[in-house]
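Chemist: Sharing a structure, written as structure tokens. Questions coming.
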Amino acid sequence: MDAVAQPQDHAPVRVLPQIKKLDECFGDFLVRVTCPCGASRHIEPEALARIAGRFATLAALTQRMRCSQCGKVDIVARSRRRGGGQR
């Protein structure tokens, strides 16, 4: 009853632990930035590469970025949703 329900029309998106740099997998992923206070967003790897360089690692980006609310972030690579409505 207290659990948050996941919408049925959205498939879960996989975390890609093998991706360590922005230039891997030809940018076929999204970068998910989250923080302990609950704020989160998806960022295109190309946008981050323009700022930090295309050879930047996700670990290095974690050190450079911070949340405006709590000051901490966690960065992971997530797969892009594919399939056009298939469930």
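The values are calculated or read from the model by the stated rules, or taken from the named source; none is laboratory data. Bear in mind that the values here come from a model prediction, so they are computed numbers and not experimental data. Quick reminder, even Gly has a Cβ in these numbers, built from the backbone with ideal geometry, and neighbours come from all protein chains shown.
Chemist: Return yes when G85 is among the small types (G, A, S), exposed (fewer than 15 other Cβ atoms within 10 Å of the Cβ), at pLDDT 90 or above and over 14 Å from the mean Cα position of the chain (by Cα) and no when it is not.
Modeler: Judged against the criteria, G85 is not a match.
Chemist: Determine, yes or no, whether G53 is surrounded by 12 or more Cβ atoms within 10 Å (Cβ to Cβ) and at pLDDT 90 or above.
Modeler: Answer is yes for this residue.
Chemist: Hey, another quick one. Kindly provide the set of residues from region 56-79 that are surrounded by 14 or more Cβ atoms within 10 Å (Cβ to Cβ) and assigned to a loop (DSSP other than H, G, I, E, B), ordered by number.
Modeler: Within region 56-79, A56, M65, C67, V73 qualify.
Chemist: Condition first: of a type in the set (F, W, Y) and at pLDDT 90 or above. Now tell me which residues in region 25-46 satisfy that.
Modeler: The answer is F29, and nothing else.
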